[in-house]
Amino acid sequence: PNYFIKALTNLEVYCDRLHQELQEKKASTGERLSENRQKAFNTLRARVRKQNKSFQEQIDHCKEHPSDFESAAASADEKSDSSSSSSEPDSDASSNSSGSDSSSDSSSSSSSSDSNSDSGSDSSGDSSDSDASLNSDSDSDSSDSDKSDSFANSGTSGSDDEDGDKEAAREKKMLRWLITPEQEMKMKKKEEARLLKEKGEQAKKDSKKKDQSKKDADKSSAKREETAKSRISDDREEYSPEELMKKVTDIAQQRGRRNFDRATYAEKLQGLMAHAAKQGPRAQLLVWSSSVSADFDNTGTVYSAMRIDLWNEALIKVSQMLPLLIDSWQEMKDNDEEMKTITPLSPEDQEGVDESSEDPRSHWRQQELFVAFFEKLDDELYKALQFTVDVYGAEYQEILANSSKFLVLLKRVVKFFEDTKQPQCLGVVALRLMEQLYYKPDMLNEAVYKAIVSSGAIPDEEKADWEWPGNSQEFMASLCRYVYATGQARLQRRALLCKAYHLALHNEFQAARDLLHLGNMSFDTLQESDVHTQILYNRVLAQMGLSAFRLGRIVDAHNSLGDVCMHNKARELLAQGISFAKNMERTAEQERAERLRQLPYHMHINLEVLESAHHICAMLLEVPNLAMQTIDPNNKRQISRVLRRALESYDKMLFIGPPENAKEAVVCAAKALQKGDWTSACSALEELKIWDHIDTCNPLNGKNVKEMIKEKIKTEALRTYLFSYASIYDAFHLEQLADMFDLPPKMVHSLVSKMMIKEEITAFWDESSKFVLMQHVEPTPLQRLALTLADRGAQAVANNESLVDQKAGGYGFKDQRPAQQGRWEQDGGKGSRRFGKGGGMDDLKGRKGKGKGKSGMAMSGPPKNRGWENARAGALRGSAQRGWGTAIRN
């Protein structure tokens, strides 16, 4: 029916209007419903939308033409009123027809009364109960009427009294469905009272809300007025220095309190800046230092970096403090204040000056705060680079771009302390500058300097300072001297390591090694240093190894790289990642501490290049050593355990495929080099990535390094060939060796001569110097076994002597046994002896003298020179071993 559609439409419109009002209040004043009410209201809206979908067309029509539905609802009300008035009982007579009429009237009246009751008592508290009772009564009445109709149709009739009683009972029940004017008036009064009560409650709630909103508005307006008044008063009032300092102190004490607003705090300090400008640079420094301190309060935790926008704000403020600090220094110098502190002081004297100056506006206190802020900016930028996950994303690039902004401030601070000649602060700042520049090649540093100048951040008068020096080693040395002037051991170590890294990066290997030796830098001396200094030392070793590799110093390169790459822990030693071993468990605290030690990605050394260089050096040294050991069992020296294990695992493989990584490629080259096949070895190393990344200063230098390594492979292949086949041939032709290994004859002659001088082979040149004549003095297989047996027997004797020494506590049968006299040998060997005068047991074993002298019975250790000289004819000329020495080439 239309009135039903009208009710649904009104309900939907009311919900939408109420929701819109709530949203407007929330946007304007921030007022919102409680959680329970908001949840109930959302549930009501959802149910209304869900139930109205079935009548959506009628509801839309009702919204467009509400007059049609209002007339229909009014006509329905009139019909219900007329039907209710005509349904009153007129007579007591009853018949089948009258019974049916009365039943139809009762049914119509019941429907009208239902509609009236629904429309009249929509929101009453007892409407549901009355509806339930009416429904139950109507059901019972309909069942009674059905029964009476069935009895009437069946033709059965009772007595008149019984019929009268039934009719009276039926009429009484039907009267319940009728609404008399008195009842209608009562219902209207109840409804009006309920509506008035609800309106009163709603009015109270609205008044409370208005009062609360008015109070909030009054508070906010009072705050605005207070801030405005304070600004006006700040603009109008004049502060003395003491009053300004007290005002700044009061504002600074708000930090750390509850409901602290950093923006309001900054506005208040900014309002005092005009008064501070009238009082000089020191008052301005006081205000700026208070503002920057609040910025650094939001730096997060140890494991989270400062937001980059806040970092930029702090950088701008610290940059504005530098000119004020320069003015303060000039003012102090002009006024002849604290002139005793202008001259360079020791750290102890400087601490005494700082402690004695209690005035927070003093130059030294503000300079100390400035240096602390400066170091904090550097640490937070480093931490931001350190904890960025996506190193290839835009975030890391943005943070890295900010390092150039910090570099501008860094150079200006260094210049200020250079001009004022303050060694302590200058050393601290100079080390920060070295840590920004030491790991970058000259080409990159020059490009950064040019980019800063072209960006317009440098005024014309400072452009002369932004030209990268042609000799960067001298520039780094000057910064290192500034750091050494501080006298602090940790800073000195880090400066020396930074300089050594920079030298090694630019192929100054000898200078870097001498610098480490002069500074007594070694793994043992750095054990007491902090972890970051140890990491820097490992980086220096790695860069020195790469420098020696680029210069062709294979032995030096292997020694330097072996300390880093030997135990497969280069990633951890260089702080370039965390390796998760199977048998190694870390606690959460250890993992966090290790993450704090990690270096930013742009400072990493290429680990693949590092390991490839180490394996190539090991191949060039270990393969000739293995070839020498096949003919000289006494040579048991291992140069590279890593390569030996790789070769052993390669020999155990059932199926050998093409190399898949750099290590496998080097192993394949080593196997080819053992056979003297230098062409296969060079082709195996041809496609490695190391040649493109070995020299960061000059990327085109990789080809030169590759050609140099090819020459080294040829020479080592020649040495390996001579070691392997010297026992087979009687002579080698110089031209043939030169053609086999594609080397100049002069180089072949030089290599063979060096091997002869070092006694690595027993050979000599003929008169024409074109043939190498071999001397076959090698032992036979039986002699080899005899020598091996002698060595093992000597080792067994030594082991037995050590066991006797451990059990008996004496010296056993060693030569080192001290000469002691027993109780029978006192008084010069005289006295009653068992074997007579001078006839002791020692005499039986070849003892000389009377009771004194050395014993000939004492067993000596194994011969010093048990080796090839026992089987060679030329061994009698000297005790030194000839021809098979274990010396390592330079």
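Let's test the formula: R0 of 30 Å, r as the Cβ-Cβ distance of ASN335 and GLU418. What FRET efficiency results, to the nearest 0.05? Mind dumping the intermediate values first?
Details: r = 23 Å, r/R0 = 0.76.
So, using R0 = 30 Å, E works out to roughly 0.85.
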Distance-filtered residues of segment 653-690 - backbone nitrogen under 17 Å, label point 7 angstrom along SER579 Cα→Cβ: 662-664
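Once the piece of chain linking ASP327 and ARG37 is laid out straight, how much longer is it, given 0.36 nm per residue of separation minus the C-alpha distance between them?
On the way: separation 290, 0.36 × 290 = 104.40 nm, distance 6.34 nm.
Answer, rounded to one decimal: 98.1 nm.
From largest to smallest, what semi-axes in whole angstrom does segment 582-664 give when each is the square root of 5 times an eigenvalue of its alpha carbon gyration tensor?
Numbers: eigenvalues 239, 54, 52 Å².
In descending order the semi-axes read 35, 17, 16 Å.
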Dipole magnitude of segment 368-527, debye to nearest 20 (Cβ charges: Lys/Arg +1, Asp/Glu -1, about Cα centre): 380
Inter-label distance for TYR484 and LYS53, nm, one decimal - labels placed 7 Å from Cα along Cα-to-Cβ: 8.5
Over segment 693-763, volume per residue of the alpha carbon convex hull, in Å³: 107
Area of CYS668 that stays accessible when all protein chains are in place (1.4 Å probe, Å², to 10): 30
Prolate/oblate/rounded call for segment 616-750, Cα gyration tensor, a/c under 1.5 rounded: oblate
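Give the shape of segment 534-583 as rounded, prolate or oblate, defined through the alpha-carbon gyration tensor: a ≥ b ≥ c are the square roots of its eigenvalues, a/c under 1.5 means rounded, and otherwise the shape is prolate if a/b is larger than b/c and oblate if not.
Since a/c reaches 1.5 and a/b is larger than b/c, the shape of segment 534-583 is classed as prolate.
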Cα lying deepest toward the dipole's positive end in segment 357-498, options SER455, PRO423, VAL413, charges on Cβ: PRO423
Residue (of GLY657, GLN674, THR696) at the positive-pole extreme of segment 647-714, dipole from beta-carbon charges: GLN674
With DNA, RNA and ligands ignored, accessible area of THR29 (1.4 Å probe; Å², nearest 10): 90
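Assuming R0 = 45 Å, can you tell me the calculated FRET efficiency for the pair VAL531 and MET443, based on Cβ-Cβ distance, to the nearest 0.05?
Numbers: r = 31 Å, r/R0 = 0.69.
After rounding, the FRET efficiency stands at 0.90.
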Cα→Cβ-extended label distance, 7 Å offset, between MET187 and ASP742, nm: 11.4
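Between rounded, prolate and oblate, where does segment 583-624 land on the alpha carbon gyration tensor, with a ≥ b ≥ c its root eigenvalues, rounded for a/c under 1.5, else prolate if a/b exceeds b/c?
On the way: a/c = 5.92, a/b = 1.99, b/c = 2.98.
Since a/c reaches 1.5 but b/c is at least a/b, the shape of segment 583-624 is classed as oblate.
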Cα-Cα over 30 Å, subset of LYS405/LYS663; LYS440/LYS463; LYS405/LYS499; LYS50/LYS210; LYS26/LYS50: LYS405/LYS663; LYS50/LYS210
Cα radius of gyration and Dmax for segment 476-573 (Å): 13.2, 39
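Report the extension gain between ASN559 and GLN254 in nm, rounded to one decimal, defined as 0.36 nm multiplied by the number of residues separating them, less their alpha carbon distance.
Details: separation 305, 0.36 × 305 = 109.80 nm, distance 5.94 nm.
Value of the extension gain: 103.9 nm.
Only Lys, Arg, Asp and Glu count, each charged at its Cβ (+1, +1, -1, -1), so figure out the dipole size of segment 642-697 about its Cα centre, rounded to 20 debye. Mind dumping the intermediate values first?
On the way: 7 positive and 9 negative charges, 66 e Å.
Taking the Cα centre of segment 642-697 as origin, the dipole is about 320 debye.
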Accessible area in the full protein assembly, largest first, 1.4 Å probe, for ARG571, ARG361, ARG493: ARG571, ARG493, ARG361
Computed label-point distance, nm, for sites MET653 and LYS209 using a 7 Å Cα→Cβ extension: 8.0
Potential lengthening between LEU607 and ALA372 on full extension [0.36 nm per residue; Cα-Cα distance subtracted]: 81.1 nm
Accessible area of LYS770 in the full protein assembly, 1.4 Å probe (Å², nearest 10): 110
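The values are calculated or read from the model by the stated rules, or taken from the named source; none is laboratory data. Given the structure is predicted, the values throughout are model-derived calculations rather than measurements. Glycine also receives a Cβ, built like all others from the backbone with ideal geometry; neighbour counts cover every protein chain displayed. Protein only, heavy atoms only, side chains kept; ligands, DNA and RNA dropped before computing areas. Shrake-Rupley method; radii C 1.70, N 1.55, O 1.52, S 1.80 Å.
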